[in-house]
Amino acid sequence: MSSAFPFGLPGSTALYLVLYVVTLLLHVVFMSYVLAGSGYMAVWAVRKQFADEPGRDPVAGTLRDWLPFALGMAITAGVAPLLFIQILYKEQFYTANLLLFHRWMAIVPVLMVGFYLLYLAKSKRIESWPVWARTVVAGGAFFCFLFVAFAFAENHMLAMQDQSQWVQFYVDQRIVFMNDHTPLRVALWLSGALSVFAVIMGWQRRQDESQVRTLGIIALVGTAAAVGFGALYWNILAEPARSALTGAFALPYAVALVLGLIGQCVAWTWQLKLGRFHKPALVLASIASGTAILGTIVLREALRLQRLGSDQLFALHERTASAGGMPLFIVFLIANGALITWCVVLTRRGLKQ
């Protein structure tokens, strides 16, 4: 991998990896909103539990209305990268699934519980409940999504182990995989989610100048935390992994990640100084967030390819591509994209009326 991603890769691998990266980027945007948004709701509920003033938070009100929809979008957007990862890392992904078994299968019922808790938090009936009960609902939803985030990080790390580690994991009858990398990876995604959440909420509350300070602080704290956890993660990486991140394949995306983090800091500092949401600054924050997410995803895949080796994977991708089905995939991709766009257009027209 002597060229920048996706150049220098075999055609089939480049195609599947590009589709995976692009679809995962979309999923991460919605996932970040749900994860950080439900965390905001939980913190707000706890603060309200012990606060003297009974006021309503405008951001929390927006989240109550939008989180169920955002979760549906996150799950829907997560289907495509989940399919592509099975093509890219077939043996590793399925082995990790089987070894984790109950923990991995628990994702579906946990997501269902989180979904219903979000709708419960949105209902009018819950307004008559005591504050502690509403806190339990908000906190329960957040921990559901936190469990899912940890499960995916856990699956990712277990899939990157060699066969001897898999055998030992099975012999020990373990159901949880934990190493030095797993908590730092979860912390990195959580930190990044704060910045993405702040950008989306900034667009939603753009006319409400009173929220710029809250969202600006959330974004800057999330960016600073991501830098800190990233530095800690760099320190525990072995030399081959560091070389993969600074090699030709991933280096441009490492630079993109750094520029994205800087762009977010500039955009939110700009708005904090103005004391209001500023459209050019929000555009800059949006572009910077997308750039940072893209850089993070490609760096993650560079680490995975370095750890697993590429020759066998490339051969697998070539065989998969020769099996056919791509024209049908493209047809349905275009058709579903057109239907989703039309649904959004209809919804916007209805809201305007």
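Each value in this text was obtained by applying a stated rule to the coordinates, not by laboratory testing. These numbers come from a predicted model, not from an experiment. As a convention, Cβ positions derive from the backbone with ideal geometry for all residues, glycine included, and neighbour counts pool all protein chains shown.
Modelled spin labels at E91 and V167, positioned 7 Å past Cα toward Cβ, are 1.4 nm from each other.
Approximating the spin labels as points 7 Å out from Cα along Cα→Cβ, the V113-to-W342 distance works out to 3.9 nm. In sequence order, the stretch 85-91 has phi-based couplings of 5, 5, 7, 6, 10, 4, 4 Hz under the Karplus curve 6.51 cos²θ - 1.76 cosθ + 1.60, θ = phi - 60°, and Gly or Pro positions carry x. Panel values: the stretch 258-310, Kirkwood radius from alpha carbon pairs, Stokes-Einstein at 20 °C and 1.002 mPa s, translational diffusion coefficient 175 µm²/s. Label point of V331 set 7 angstrom out along Cα-Cβ; within the stretch 16-31, no amide nitrogen lies under 13 Å from it.
Distance from the C-alpha centroid of the stretch 226-268 to that of the stretch 2-34: 17 Å, rounded to the whole angstrom. Shown here for the stretch 1-105: trypsin sites (Lys or Arg not before Pro) in loop regions (DSSP other than H, G, I, E, B) with at most 15 other Cβ atoms within 10 Å, namely R56. Taking a ≥ b ≥ c as the square roots of the eigenvalues of the Cα gyration tensor, the stretch 213-353 is oblate, since a/c reaches 1.5 or more and a/b is not larger than b/c. For the stretch 124-222, the list of trypsin sites (Lys or Arg not before Pro) that fall in a loop by DSSP and count at most 13 other C-beta atoms within 10 angstrom reads K124.
Taking amide H as placed 1.01 Å from N in the peptide plane, the amide H of W129 sits under 5 Å from none that are at least 5 places away or on another chain. From least to most packed, judged by other beta carbons within 10 angstrom and beginning with the fewest, I217, I200, I297 follow the order I217, I297, I200. Relative to the longest principal axis of the C-alpha atoms of the chain, give the angle of the C-alpha long axis of helix 181-204, reported between 0 and 90° and rounded to the nearest 10°. Taking Cα atoms only, the helix is inclined about 50 degrees.
Between the Cα long axis of helix 279-308 and the first principal axis of the chain there is an angle of about 30°, rounded to the nearest 10. Please label the shape of the chain as rounded, prolate or oblate, based on the square roots a ≥ b ≥ c of the eigenvalues of the alpha-carbon gyration tensor (a/c under 1.5 means rounded; beyond that, a/b larger than b/c means prolate, else oblate). Verdict is prolate for the chain. Between A281, A231, A244, which gets the highest mean-square fluctuation from a Gaussian network model of the chain, Cα cutoff 10 Å? Looking only at A281, A231, A244, the biggest GNM fluctuation is shown by A231. The residues packed around L120, meaning those with a beta-carbon under 13 Å from its beta-carbon, carry a net charge of +4 if Lys and Arg are +1 and Asp and Glu are -1. A simple rule links phi to the HN-Hα coupling: the Karplus curve 6.51 cos²θ - 1.76 cosθ + 1.60 with θ = phi - 60°, which for the stretch 129-146 gives 7, x, 4, 5, 5, 5, 5, 5, 5, 5, x, x, 4, 4, 5, 4, 6, 5 Hz, with x for Gly and Pro. Computed packing ranks the peptides 321-330, 218-227 as 218-227, 321-330, most packed first, by mean other Cβ atoms within 10 Å.
Between helix 212-236 and the chain there is an angle of about 30 degrees, using the helix long axis and the longest principal axis of the Cα atoms. Using θ = phi - 60° in the Karplus curve 6.51 cos²θ - 1.76 cosθ + 1.60, the 3J(HN,Hα) couplings for the stretch 98-113 round to 5, 5, 6, 6, 4, 5, 6, 5, 5, 4, 5, x, 5, 5, 4, 4 Hz; x is entered for Gly and Pro.
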